[in-house]
Every structure is written in C-alpha cells, then in structure tokens.
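Take a look at the structure set out below.
The values are calculated or read from the model by the stated rules, or taken from the named source; none is laboratory data. In this text the structure is predicted, and so the values were computed from the model without any measurement. Please note: Cβ atoms are built from the backbone with ideal geometry, for glycine as well, and neighbour counts cover all protein chains shown. Accessible surface areas use protein heavy atoms only, side chains included; no ligands, DNA or RNA. Shrake-Rupley method; radii C 1.70, N 1.55, O 1.52, S 1.80 Å.
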Amino acid sequence: MSRIGKAPISLPKGVEVTINNGLVTVKGTKGTLSQKVDADITVKIENNEINVTRPTDQKRHRALHGLYRALIANMVKGVSEGYKTEQELVGVGYRANNKGQVLELALGYSHNVSFELPAEVKVKTESEKGQNPKIILESADKALLGMVAAKIRSLRKPEPYKGKGIKFSNEVLRRKAGKSASKK
C-alpha cells in the first residue's frame, strides 16, 4: 500500500470539501481550488478527514493513489495556509518592482523585462540597501506558484562562477572555480 496514499488528510477549521462526479472542490479562507480525480480512485470524507482509496494493486492504481492524495493535501493546505516562495536577484544593477500584477525586472539586458502574473498569484517586491532585491510570491495553488516561480527564474538563471541571476532564497548554488593561476 502506498505510504503517502493511505495517510488520511485532516481538515482544518474553515475548510469545506465537496466531491461531485470525480471533481474534488476545496474551499477555504485563501480561495477555492478544484481537482478532477480519476474514476478508479475513490475519495471519501469521514470524521473530518479525507481518505483516498484504490481498487487494486495494479501499478497504475498505486501511482494514482499517492498522486491524488498529495494533490488533495496540497489543495487543503493551500486554501487554509497558502504557499509562499521568495526569490533573490543577485547581480549589480538587477532590480525588481511590481505594478499590480505586472513584474518589471532589470536583469542586465538592453531592455527591462515585463512579466505578467496570473490573478491567483500575489506578488511583492523588496529592495533594501545593501541586500539583494527580493521577489515574494504567494498563492493558494502550489502547482501554479511553482510554475510561475520557475518561469521567473528562467529569465536569468544563476551562473556558476559569480552566482549572478535569479535564485530561490533557500537555494544553494554549486560554484565553479575560475581560471587557475599560471603554472611555474
């Protein structure tokens, strides 16, 4: 049995879950999320917990069991607490500011890069003297937040020599040594 799949998902206060024809909808203080579940997988609400079960031990059913349990758990956490990710702009002259849902980035190119964010993702930028500019993204949808953060990072990936580029705040970069000194 899947270790992830068999673990029940406890529902925090203020979270409502409805299951209708394979569509699981989770509603909470941070928003509403829904996920279509495969017809073979059964989702039930019992004693303020969500249980996900599978019909057989086929490889496909085992894979879907853990997948849908994890997706539903992410939705429950997202609508109750939300998800947050921070990115840093490392490099001289790199700047970030936002106007509503449009993120303006100066990344060392000949032009500024404008990045429009989906309505579900909230953005905040911070620029403190002596520190790298930060981009803070918040959303109830974990998958969408990760996709947007990866897209922003891809605009200028950190390079391995000086570490210049857009990196996640908790990311550890693997650095390379530069040119070696002349041999004697």
Top-ranked residue in region 58-104 [being in a strand (DSSP E or B) and among the basic types (Lys, Arg); ranked as surrounded by the fewest Cβ atoms within 10 Å (Cβ to Cβ)]: Lys99
Matching residues in region 80-97 - criterion: being β-branched (Val, Ile, Thr) and at pLDDT below 95: Val90, Val92
Single unsatisfied condition, Pro55 versus (1) in a loop (DSSP other than H, G, I, E, B); (2) surrounded by 18 or more Cβ atoms within 10 Å (Cβ to Cβ): (2)
Long-range neighbours under 6 Å by Cβ, at least six apart or interchain, first residue in contact (Cβ under 8 Å) with a residue 60 or more places away in the chain and more than 17 Å from Gln87 (Cβ to Cβ) within region 104-121, second of a type in the set (Gly, Ala, Ser) and open to solvent by less than 100 Å² (accessible area, probe 1.4 Å): Glu120/Ser139
Odd one out for Gly5, checked against (1) modelled with pLDDT of 90 or more; (2) open to solvent by less than 100 Å² (accessible area, probe 1.4 Å); (3) more than 21 Å from Leu144 (Cβ to Cβ); (4) not in a strand (DSSP E or B): (1)
